[in-house]
Protein chains: 2
Amino acid sequence: MNNATDDLRIHEAPATLRALAVDRLRGAIIAGRFQGGDRLVERTLCDQLGVSRSVVREVIRTLEAEGLVETQARSGPVVARLDWSQARQIYDIRRLLEAEAAADCAFLADAAVKARLRAALAALDTAFAEATPQALYAATTGFYEVIFTAAGHDVAWEIVQRLNGRISRLRAMTLATKDRRTSGPAHMARIAEAICANDPVAAAKAVREHLKDAAEIARKLLETP
Amino acid sequence: MNNATDDLRIHEAPATLRALAVDRLRGAIIAGRFQGGDRLVERTLCDQLGVSRSVVREVIRTLEAEGLVETQARSGPVVARLDWSQARQIYDIRRLLEAEAAADCAFLADAAVKARLRAALAALDTAFAEATPQALYAATTGFYEVIFTAAGHDVAWEIVQRLNGRISRLRAMTLATKDRRTSGPAHMARIAEAICANDPVAAAKAVREHLKDAAEIARKLLETP
DNA sequence: GTTCGTAATATGGTATACCAACATACAGTC
DNA sequence: GACTGTATGTTGGTATACCATATTACGAAC
């Protein structure tokens, strides 16, 4: 009978207003609808999001902890600025964590993981064709989620997700440059290939090359403002 | 005249109630006054902390983002449980980030950094003599803060601080075991020594050994409950 | 013994009120 | 005309009251 109750169980959380509002505001920041340094006036956000001040304040605390929002004393929350020094550090950390995860994933990957990885890669291709910040964010998140969870690196995945939120505002800018549109999926494919071949060394190397490339593009965008 | 205005400038933020409450509650969790799985009832916390519900809710959002609190749907926030799988991952990530930071710090350290490092090490010794969770937390935080900020790894320092909050509940337990009290400061001294000698390789090695040791102690505590 | 209803508790969400801090503009005084 | 003081509006911080809902326990009815 356990099977039957499992099938009937409602898995989706009933999405609190707060969770929806966090997603909405995070999406707006990532999509570039708020610039770094823009003030986030509480009462204005209440109108824009259609929720009360309590919810807005809790949402701001959440995004503050994610590093997307900074609150200056007596002046209120503003969208965090992103400079090259921060972005470089973020790419450095991602390099460490993702290389390790890809290697472990390559070591552990079975047929099911490989199938999920190929599906994520296909979704990534269609997202790159669509070329909207939201679609790209969702697709890359899906791709790495397979790698990190298959490797058993839950905690690292939390961290990388948070870091990703902070730099994926770059993606909106990066979409303007043409080179990324080709090099991105190619690198991802190389990573997936190495994992499907159960080759940890090659997987880690592919990740490092991918991030070196992405960091280089970010540097060009940010270093001379 | 610029000097005079600089001297008069007020640097300390006037500490919002929220910030105080976050520190207080985080401290209580780290000190072991709440066990993993304990429910954090909002209105009870209002009484215990002496603040309003708005503040408590925002505090909970902050600690939730730090990983110290988890909120289950329809049941409210509880203190996060810490199992060996999570702790092992945390030590793995710290090993990556701290080894890199120690190496960079050793590469960059000048006389001022070395002086601050020695001061932090001295503070650490007195904290180990005192042997309270709060003192140890503050002292180890101070020690690593010198290393990370001197290395210019601000972002990694944010992450490590957050991870530290999650595992420093172990320190309260670890204080019971006698071996840690000797091996801890000895390892820290080795790390400081390598940095003061501007030897990146030795610094990274010392960090890895320290964390290997700390993880081993944690494993003994957590693996068989 | 099972089932149903109800009350207590806790939560999510909302609205509102109050206060302090800051900025701006406008007047008043020398 | 320059400085000073005040009025006002906006904003963040805090507190409180209220409602709807979910969970749980308890007790009554069958």
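Before moving on, here are some points about what is shown:
- Cα centroid separation - region A:111-168 against region A:38-59, whole Å: 29
- For chain A: relative contact order, % (alpha-carbon pairs under 8 angstrom, 6 or more apart): 25
- The trypsin sites (Lys or Arg not before Pro) found in region A:81-112 that occupy coil by DSSP, while having at most 12 further C-beta atoms within 10 Å, are A:Arg81.
- Estimated FRET transfer efficiency when R0 is 25 angstrom, pair A:Lys220-A:Glu130 (beta carbons, to 0.05): 0.55
- Tensor-based shape of chain A (alpha-carbon gyration tensor, a/c under 1.5 rounded, otherwise prolate or oblate): oblate
- Accessible-area order (highest first, 1.4 angstrom probe) of the listed residues B:Leu163, B:Leu17: B:Leu17, B:Leu163
- Accessible area in the full protein assembly, largest first, 1.4 Å probe, for B:Ser75, B:Ser52, A:Ser168: B:Ser52, B:Ser75, A:Ser168
- Peptide B:154-162 shows a mean partner chain C-beta count of 4 within 10 Å per residue C-beta.
- Leading residue at positive end of dipole, the protein assembly as shown (Cβ point charges), from A:Ala214, B:Cys46, A:Leu25: B:Cys46
- Occluded residues from region A:59-82, i.e. those whose accessible area drops by 50 Å² or more once the chain is not alone (1.4 Å probe): A:Arg61, A:Ala65
- Teacher prompt: B:Ser52 distances to equivalent labels in other copies, 7 Å Cα→Cβ, nm: 1.2
- Basic side chains Lys and Arg get +1 at the Cβ, acidic Asp and Glu get -1 at the Cβ, and with that the dipole of region A:42-201 about its Cα centre reaches some 540 debye.
- Axial C-alpha extent at least 15 Å, average Kyte-Doolittle at least -0.5 - helices from chain B (DSSP): B:17-30, B:53-66, B:84-108, B:111-130, B:133-151, B:154-167, B:179-196, B:200-222
- Counting only DSSP H runs of at least 4 residues, each contributing -39500 (n - 2.57), and dividing by the residue count of chain A, the helix-based mean residue ellipticity at 222 nm comes to -24500 deg cm²/dmol.
- Magnitude of the charge dipole, the protein assembly as shown, Cβ model with Lys/Arg +1 and Asp/Glu -1, debye to 20: 580
- Teacher prompt: A:Glu209 distances to equivalent labels in other copies, 7 Å Cα→Cβ, nm: 3.7
- The figure for B:Met173 is an accessible area of roughly 90 square angstrom, using a 1.4 Å probe on the protein chains alone.
- Accessible-area order (highest first, 1.4 angstrom probe) of the listed residues A:Phe128, A:Phe143: A:Phe128, A:Phe143
The values are calculated or read from the model by the stated rules, or taken from the named source; none is laboratory data. Please read all numbers here as calculations on a predicted model, not as lab measurements. Positions of Cβ are generated from backbone atoms using ideal geometry, with glycine treated the same way; all protein chains shown enter the neighbour counts. What goes into the accessible areas is simple: the full protein's heavy atoms, side chains included, and nothing from ligands, DNA or RNA. Shrake-Rupley method; radii C 1.70, N 1.55, O 1.52, S 1.80 Å.
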